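Novice: First, the structure itself, so that you have it in front of you.
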Amino acid sequence: MIAARSIPQLAQGRMQKQHIVRMLWIGIVAALLLAACGGRSASGTQLEQNGPNPSPQLTLEEADQVAQTFLSAWQAADYGAMYSLITPNSRDAFGPEAFTAQYENLRTLFTLQSLDTQIVSSLREGTTAAILYDVTFHSERFGAVMDSGRLLRLIETPEGWRVAWSLGDIFAAMQGGGRLELRQVLPGRGNIYDRNGNVLVDQNGRAITIFAVKRDMPDVAQCITALARILDREEVDLQEVFDRYAPEIRFRVGEITPEKYQAEEQTLRQVCDVGDDPGDTQTRPTRRYFGTLAPHVVGYVGPIRPDQMEEYTRRGYPPDALIGQEGIERSYETVLAGTIGGQLVVASAGGEILRVVAEIAAEPGQSVYLTIDRDLQQALQEAIVDAYRYAGPTWAITSPGAAAVVLDVDTGEVLAMVSYPWFDPSVFNPDSGIENRDEQVTALENNPRTPLLNRATQGAFASGSVFKIVTLTAGLDSGVYTPGAGVTCSGIWYGGQYGDWLNARTDWLRTGHGWVDARRALTYSCNPYFWQLGVALHNEDPTLLERYAHEMGLGVPTGQTDIPEAAGQIPNDALVFRLNGRGWQMADTLNLVIGQGETLNTPLQIARMVAAVANGGTLYTPQFVHKIQLISEEPSYIAAPEIGSQLDVDPAVLALVRNAMCDVTLDPNGTARYIFESWYDFQGEQVIVCGKTGTAQIGSTGIKPQAWFTAFAPQDDPEIAIAVIVENSCEGSEVAAPLARRIVEDYYGMPHSDWPSFWQSACFDLGE
C-alpha cells in the first residue's frame, strides 16, 4: 500500500502534474475529515472519539489492509464480512439487516454485475486513517460507471482498525439523509405492421399512470383496498409496492384508462389524495390491438410475472412494466421496447436531486414489419368463421378447432396463419380497460377448445394421407419402387403373408381403384398401393421412411424461433418400445406410410414440405418478420430467404409428385376434383391448384377424423403453399379442401365459390 507521505512511490505510472493536483486535493479533504473527528455525522451517527494526542498503536499499512479487505468483500458481495469490519458505533447505528439492505438496494437499482476498486492513497492522523479510493461499477443497464475520489475513514478500536461507516459510504450525497432512487423513462413501444405497412398493433392507446404519496393519505389501508378494486389487482400485491417506499416518496401504483379514471376520480381524491397535485397522474400511450387479427402470431403484452421479475428488474424494467408475453411481442421484446432511459440519483426526502450517479437516455422501440398480409389474414379468418357457421350441426359442433398456413413458396415467408378459435390480445393488457379482465383471462386459459394454443405451429396432428407425399418420394427416390410399377387395387389388401397382424386392410374406396402406378396412387390416394410400397420399404430398411420424413421437414422443428412450435414426431423403434413394450414391426410401417399411428405433424411443417416439393427441393426456414425499422429511418434489419436444407431427392421424383398432386384436382378420379371442378378463370387464365387430401382417423370410437388438405398454386409457377386442418370433422376432401379453395380465391382476388351443400346435411364418404 502506498502512503500519502510517500509521494515518489505514489507517482509511479502517473503523469506528474496530475498527481500533484490530486494529492493537493486529497490533503485538503483529509484535513477537513480529520478535523471533524469526534463530532456527529450528518446522518446522526455518533462517531468515535479520538482523544487528545493519541498514541498510535496500529500501523497505516494495517489500515490499508483492513480497507482493502473491506473493499474486496464489497466486490464479492460479502456484506457479512463488510459488516464485521465496521466500528462498534456504526454497528449500533446500523444493524446487519439494515446495512445489507443498503448495499442490496444499490445492487438492484444499479443492476450491478460487478465492481472494481482501487486504493489510491492513504493518510493517517493519530488514531484515524483516511483512505482515498476509486470504484468502477459495472452495470447491466448503465455500463461502466467510475466514481473517483471516494473516502473511507478508519478508526483504531480494541478490535483493530475498523471502518467508521455511515450512509455516506454508499455515496457521499446520502450522508445528509439522501436516498437512492431509480427514475425511469419508458420509451414508446414500437408498432407491429403487416408486410405492406398496414398497422396490426400500435402504441396509440392512452393510459393514465397514477402516483401516490403515503404521507398524504388519510388511511393507507383504505387506499390500498380502493386501488385494488380500481386497478383490478390483488391487495397483497399493492401492499408489496407500498412497502418499498418511504412515506414521503412519490411512487407509481398502476395504470387505468382515461375513462375509468374519470369514473373513479372522486374516490381517488378522497381516499388516496390523488388528483390535486399535477404530479399525481401522467397520461401516456399504451398498446392497442386491432381486434383479433393474427393474435397467435402477434402475441400480446402483459404484466411481468413473479417468475420473470428478477430478470426484468435486472434489465432495468420497472416492476409494473408491460412486456411481450407471447408471439412477436415476446420474441422481439428487446426491439419493440427500445431502451428504457433513466437516472440513478441520490434524492432528498422532498425529491430534490442531490447527485446523478448514472444515467442513460431512452431510445424508442423499433417497429416490426411482419411477412403477414393483413388482407389475406383477415379474409382467411373470416372464411373459417363463415365455414363453421355454415356447417352448423354437421361437423362444426364436433370440431374443436382448425388451422391454416399460407407460405411463399420461394422465400418461406408466412403470408397468413390462422388458429381457430382465437382470442383478443387486449384482454391481457391491464391498460385496456376491459371489465372483468382477470375473469376473461381465466376463461381463456380454461376453455376446453384451447383458444390460446396456436394450432398452426403447436398443434401436432396425425397427418393422414398427406403423409403419402413422403412415402411416395421415399419409395421412388430410394429405388425401392419405380414410377411404372403398379398395384391392382380391389379395395382390400391382404397383408397376412407380409406379417401384417390385421391380415386384411380396407381402402377408403371399398370398390378399389383398379390398376394404379405411382402417379395415380397419389392422385387417387390408393391405400393398397402404399401398403404394398410400405412392405418394400420395410424390407429394404425399416428406418428408411423415418429418415425421408425428417429430411422433408416432418417430426423436426422448422428452424424458426419467432413463434413457439411443436416438433411433432415420426414414430420409430424407440417410441414403439416406450409405448408398447416391443420393437418395430411391419404393422407400424404400414400405419406410417398412410400417416396413421403415432405420426404427428404441425400444419406449418406440412406447408413447408409442400413448398419444398413445389419449388424443386428447397426447405426454407419459415419467416414471420420482413423488416425492422424506426419511422422515417432506414431499416436496421431486412429479412432474406434462409435455406434450412436442400432435399437430396431426384428432381424427376419431385416432378412426378407435383404432377400427381395437380391431378388431385384435375383428374376425374382425383380425390379433390369435385371441389375444384367449378373453378373460375382469373384474368382469362385458369388458376390450377395442386394438392393432396388427408383424413386422419382418431383412435377413439365415435370421434370424427382430422380433415387435411395441403396444396400449392398455381401449377406452372408455384407462388404459395397451403396447409389446412379442421379437427374432428369429416373427410379432408369434404371440409379442408373447400377452405383451401377459398384461400386461393382470396389470394388471387377471385369470386368466392359456395360452400358445399352437403355440409348442412351430412358428411359423405367422398374421398380422402
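The values are calculated or read from the model by the stated rules, or taken from the named source; none is laboratory data. Everything numeric in this text was worked out from a predicted model, so none of it was measured. Note that each Cβ is placed from the backbone with ideal geometry, even for glycine, and that neighbours are counted across all protein chains shown.
Novice: Can you tell me which of (1) farther than 28 Å from TRP422 by Cα; (2) hydrophobic (A, V, I, L, M, F, W, C); (3) part of a helix (DSSP H, G or I) is the one VAL297 doesn't meet?
Specialist: (1)
Novice: Right, next: Which of (1) at pLDDT 95 or above; (2) of a type in the set (Asp, Glu); (3) in contact with a helix residue (DSSP H, G or I) (Cβ under 7 Å, 6 or more places away or on another chain) does GLU125 not meet, given it meets every other one?
Specialist: Checking GLU125 against (1) at pLDDT 95 or above; (2) of a type in the set (Asp, Glu); (3) in contact with a helix residue (DSSP H, G or I) (Cβ under 7 Å, 6 or more places away or on another chain), the one that fails is (1).
Novice: Any idea which of ALA639, ALA672 is of a type in the set (Gly, Ala, Ser) and over 30 Å from VAL199 (Cβ atoms)?
Specialist: Details: ALA639 fails: over 30 Å from VAL199 (Cβ atoms).
ALA672 is the lone residue from the list that is of a type in the set (Gly, Ala, Ser) and over 30 Å from VAL199 (Cβ atoms).
Novice: If you go through the stretch 358-395 one residue at a time, how many are free of Cβ contacts under 8 Å to residues at least 40 places away in the same chain and surrounded by 18 or more Cβ atoms within 10 Å (Cβ to Cβ)?
Specialist: 1
Novice: Let me ask another. Select from the stretch 172-190 the residues that are assigned to a loop (DSSP other than H, G, I, E, B) and surrounded by fewer than 21 Cβ atoms within 10 Å (Cβ to Cβ) and list them in ascending order.
Specialist: GLY177, LEU186, PRO187, GLY188 - these are the residues of the stretch 172-190 that are assigned to a loop (DSSP other than H, G, I, E, B) and surrounded by fewer than 21 Cβ atoms within 10 Å (Cβ to Cβ).
Novice: Same structure again: Of all residues being among the acidic types (Asp, Glu) and buried (at least 17 other Cβ atoms within 10 Å of the Cβ) in the stretch 306-357, which is nearest to PRO247 (Cα to Cα)? Just the residue, please.
Specialist: Within the stretch 306-357, the first condition is being among the acidic types (Asp, Glu), and the residues that meet it are 307, 310-311, 320, 326, 329, 333, 352.
Retained after the next criterion (residues that are buried (at least 17 other Cβ atoms within 10 Å of the Cβ)): 320, 326, 329, 333.
Values: ASP320: 20, GLU326: 37, GLU329: 37, GLU333: 34 Å.
By that ranking, first place goes to ASP320.
Novice: Return the total of residues in the stretch 54-78 being buried (at least 19 other Cβ atoms within 10 Å of the Cβ) and within 44 Å of the chain's Cα centre (by Cα).
Specialist: Of the residues in the stretch 54-78, the ones buried (at least 19 other Cβ atoms within 10 Å of the Cβ) are 60, 63-64, 66-67, 70-71.
Narrowing the set further to residues that are within 44 Å of the chain's Cα centre (by Cα) leaves 70-71.
Qualifying residue count, the stretch 54-78: 2.
Novice: Considering the stretch 396-419 alone, what residues qualify as being assigned to a strand (DSSP E or B) and surrounded by fewer than 24 Cβ atoms within 10 Å (Cβ to Cβ)?
Specialist: Going residue by residue through the stretch 396-419, those that are assigned to a strand (DSSP E or B) are 402-408, 413-419.
Answer for the stretch 396-419, where residues must be assigned to a strand (DSSP E or B) and surrounded by fewer than 24 Cβ atoms within 10 Å (Cβ to Cβ): ASP408, GLU413.
Novice: Taking the condition of being surrounded by fewer than 19 Cβ atoms within 10 Å (Cβ to Cβ) and among the aliphatic types (A, V, I, L, M), how many residues in the stretch 191-216 meet it?
Specialist: 1
Novice: Taking the stretch 727-768, which residues are among the hydrophobic types (A, V, I, L, M, F, W, C) and either more than 38 Å from the chain's Cα centre (by Cα) or part of a loop (DSSP other than H, G, I, E, B) (or both)?
Specialist: CYS730, MET750, TRP755, PHE758, TRP759, ALA762, CYS763, PHE764, LEU766 - these are the residues of the stretch 727-768 that are among the hydrophobic types (A, V, I, L, M, F, W, C) and either more than 38 Å from the chain's Cα centre (by Cα) or part of a loop (DSSP other than H, G, I, E, B) (or both).
Novice: Residues SER139, SER90, SER122: which one is assigned by TED's automatic domain parsing to the domain that holds GLU61, under 40 Å from the mean Cα position of the chain (by Cα), buried (at least 18 other Cβ atoms within 10 Å of the Cβ) and small (Gly, Ala, Ser)? Talk me through it step by step, then tell me what you get.
Specialist: Values: SER90 fails: under 40 Å from the mean Cα position of the chain (by Cα); SER122 fails: under 40 Å from the mean Cα position of the chain (by Cα).
One residue alone meets the criteria, SER139.
Novice: In this structure, is SER753 among the small types (Gly, Ala, Ser) and more than 18 Å from ALA403 (Cα to Cα)? Show your work before the answer.
Specialist: Details: among the small types (Gly, Ala, Ser): yes; more than 18 Å from ALA403 (Cα to Cα): yes.
Yes: the conditions hold for SER753.
Novice: Now, a different point. Being at pLDDT below 85, within 21 Å of ASP431 (Cβ to Cβ) and hydrophobic (A, V, I, L, M, F, W, C) is the filter here, so list the residues in the stretch 227-267 that pass it.
Specialist: Scanning the stretch 227-267 gives LEU231, PHE251, ILE256.
Novice: If you go through the stretch 93-105 one residue at a time, how many are among the hydrophobic types (A, V, I, L, M, F, W, C), assigned to a helix (DSSP H, G or I) and over 35 Å from the mean Cα position of the chain (by Cα)? Can you show your working first?
Specialist: Filtering the stretch 93-105 down to residues among the hydrophobic types (A, V, I, L, M, F, W, C) leaves 93-94, 98-99, 101.
Applying the additional criterion that residues be assigned to a helix (DSSP H, G or I) yields 93, 98-99, 101.
Right, trim to over 35 Å from the mean Cα position of the chain (by Cα) and you get 93, 98-99.
Summing the residues that are among the hydrophobic types (A, V, I, L, M, F, W, C), assigned to a helix (DSSP H, G or I) and over 35 Å from the mean Cα position of the chain (by Cα) in the stretch 93-105 gives 3.
Novice: Looking only at the stretch 510-530, count every residue that is buried (at least 20 other Cβ atoms within 10 Å of the Cβ), out of contact with any Ser or Thr (no Cβ under 6 Å at 6 or more places or on another chain) and not charged (D, E, K, R) and tell me the total.
Specialist: The total comes to 11.
Novice: Of (1) at pLDDT below 95; (2) touching a strand residue (DSSP E or B) at 6+ places or on another chain (Cβ under 6 Å); (3) not aromatic (Phe, Trp, Tyr), GLY484 satisfies all except one. Which?
Specialist: That leaves (2) as the condition not met.
Novice: Related question: Pull up the stretch 457-503, narrow it to residues that are among the charged types (D, E, K, R) and within 20 Å of ARG608 (Cα to Cα), then point me to the one that is surrounded by the fewest Cβ atoms within 10 Å (Cβ to Cβ). Before the answer, list the steps.
Specialist: Restricting attention to the stretch 457-503, the residues satisfying the condition of being among the charged types (D, E, K, R) are 468, 477, 500.
Applying the additional criterion that residues be within 20 Å of ARG608 (Cα to Cα) yields 468, 477.
Values: LYS468: 28, ASP477: 19.
Once the filter is applied, the top-ranked residue is ASP477.
Novice: So, GLU62, is that one more than 11 Å from LEU152 (Cβ to Cβ) and without any contact (Cβ under 8 Å) to a residue 40 or more places away in the chain or not? Break it down into steps so the answer makes sense when it comes.
Specialist: Values: more than 11 Å from LEU152 (Cβ to Cβ): yes; without any contact (Cβ under 8 Å) to a residue 40 or more places away in the chain: no.
Spelling it out, it is not the case that GLU62 is more than 11 Å from LEU152 (Cβ to Cβ) and without any contact (Cβ under 8 Å) to a residue 40 or more places away in the chain.
Novice: Looking only at helices (runs of 4 or more DSSP H) that fall completely inside the stretch 560-672, which ones have 3 or more residues that are assigned by TED's automatic domain parsing to the domain that holds HIS538, in contact (Cβ under 8 Å) with a residue 24 or more places away in the chain and under 23 Å from ALA416 (Cα atoms)? Steps first, answer last, please.
Specialist: Values: elements: 573-580, 586-592, 603-615, 651-666.
Filter on the stretch 560-672 gives 603-615.
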